[in-house]
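The values are calculated or read from the model by the stated rules, or taken from the named source; none is laboratory data. All values derive from a computational prediction rather than experimental measurement. Note that we place each Cβ from the backbone using ideal geometry, even for glycine, and neighbour counts take in every protein chain shown. Heavy atoms of the whole protein, side chains included, go into the accessibility calculation; ligands, DNA and RNA do not. Shrake-Rupley method; radii C 1.70, N 1.55, O 1.52, S 1.80 Å.
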Amino acid sequence: MKQVAITNFANQRVWVIGASSGIGEACAKALLQHNAKVALSSRRIERLEAIAKAFDPSQSLLLPVDVLNTAAIRNAHQTIIQQWGGIDLLLFVSGIYIPLRADDFNIEDAQKTVDSNILGPMRAVATALPDMLKAGRGHIAIVGSVAGYSGLPKALAYGPTKAAMINFCETLFYDLQPKGIGVHMISPGFVATEATAQNDFEMPALISAEEAAKEILQGIQRGEFDIHFPKRFSGFLKFLRILPYPIYFWIVRKFVKI
Ligand SMILES: NC(=O)c1ccc[n+]([C@@H]2O[C@H](COP(=O)([O-])OP(=O)(O)OC[C@H]3O[C@@H](n4cnc5c(N)ncnc54)[C@H](OP(=O)(O)O)[C@@H]3O)[C@@H](O)[C@H]2O)c1
């Protein structure tokens, strides 16, 4: 699927939301190494400062935000526009995972997950898009998950939010590709981060956050819409979702300790 690419990140103005740890931190560092200008956002300012300090300070902006707060996202966006005149890439990485099964399903955790993982990226996109549309250029990249492909155990709130992000990116693509704005739907498999450190099972095809960042940046450089990795795992899950349900459920039950 052909769409615009960022072939070289040098001097590109990138807003990374969820930059303080895990995949977002690794992406922010890799972008700074590629000489991009990076606006670093998330709640933990001290973690963002530590990343910025390790590089040329003029390369980054520190913009603490909580993705649940629309006004904070708008203020951060305003600052980037004032300082840099625009955004070439919005890279939305932030997300939360609360393991939930039917016997501990509760609306509080479900609401928190939906607000963070669906409305969070929607707030950022709604804020950044008007300027990109006016400029007729830019890129929107959203980190979803292979957990959004089809239902998996222990992801009673997380899975639906990631499925929603797949649909959101697909739907954005119709409108934005003809306008010259790139859309990148990012679906990682298991990545070793603070979020997955809580998992009490062996994670198949586990990769490091640095490997994930490399896949993400390369996918954007190639102009890919569907950036998924590691292929040995994401490809297998893509295959599973086209199987009839009885076979799909049988295989998942067989492979996952439920
Ligand atoms: N690790 C995996 O195996 C895996 C697999 C597939 C998809 N993913 C997705 O990858 C993304 C990153 O996950 P990760 O594994 O790197 O997790 P992580 O290390 O826990 O990082 C999560 C990031 O999101 C930020 N964040 C969370 N809630 C926020 C809020 N309300 N406002 C602002 N920032 C917020 C955190 O920053 P602060 O706490 O400083 O705010 C942090 O920077 C998530 O969307 C996750 O669903 C991860």
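Below are the figures for this structure:
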| quantity | calculated |
| --- | --- |
| Boolean, residue 113 is hydroxyl-bearing (Ser, Thr, Tyr), farther than 23 Å from residue 197 by Cβ and touching a residue at least 12 places away in the same chain (Cβ under 8 Å) | no |
| Any pair with Cβ under 8 angstrom, 6 or more apart, that starts in region 62-75 at a residue that is within 13 Å of residue 44 (Cβ to Cβ) and ends at one that is open to solvent by 70 Å² or more (accessible area, probe 1.4 Å) and near the ligand (Cβ under 9 Å from one of its atoms) | 64/43; 64/44; 65/43; 66/43 |
| Any hit, region 29-42, residues being in contact with a Ser or Thr (Cβ under 9 Å, 6 or more places away or on another chain), open to solvent by 10 Å² or more (accessible area, probe 1.4 Å) and either hydrophobic (A, V, I, L, M, F, W, C) or within 7 Å of the ligand (Cβ to nearest atom) (or both) | yes |
| When residues of region 89-109 are limited to those that are within 16 Å of the ligand (Cβ to nearest atom) and among the β-branched types (Val, Ile, Thr), the one least open to solvent (accessible area, probe 1.4 Å) | 93 |
| Condition check for residue 40: touching a strand residue (DSSP E or B) at 6+ places or on another chain (Cβ under 6 Å), modelled with pLDDT of 95 or more and in a helix (DSSP H, G or I) | no |
| Residue 212 being at pLDDT below 95, within 12 Å of the ligand (Cβ to nearest atom), within 14 Å of the chain's Cα centre (by Cα) and among the small types (Gly, Ala, Ser) | no |
| The listed residue being closer than 30 Å to residue 137 by Cβ and assigned to a loop (DSSP other than H, G, I, E, B), out of 219, 182, 223 | 223 |
| So residue 207, is it touching an Asp or Glu at 6+ places or on another chain (Cβ under 9 Å) and open to solvent by 10 Å² or more (accessible area, probe 1.4 Å) | yes |
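Yes or no, residue by residue, for (1) in a loop (DSSP other than H, G, I, E, B); (2) away from the ligand (no atom under 11 Å from the Cβ); (3) at pLDDT below 95; (4) hydroxyl-bearing (Ser, Thr, Tyr):
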residue	(1), (2), (3), (4)
74	no, yes, no, no
87	yes, yes, no, no
111	no, yes, no, no
120	no, no, no, no
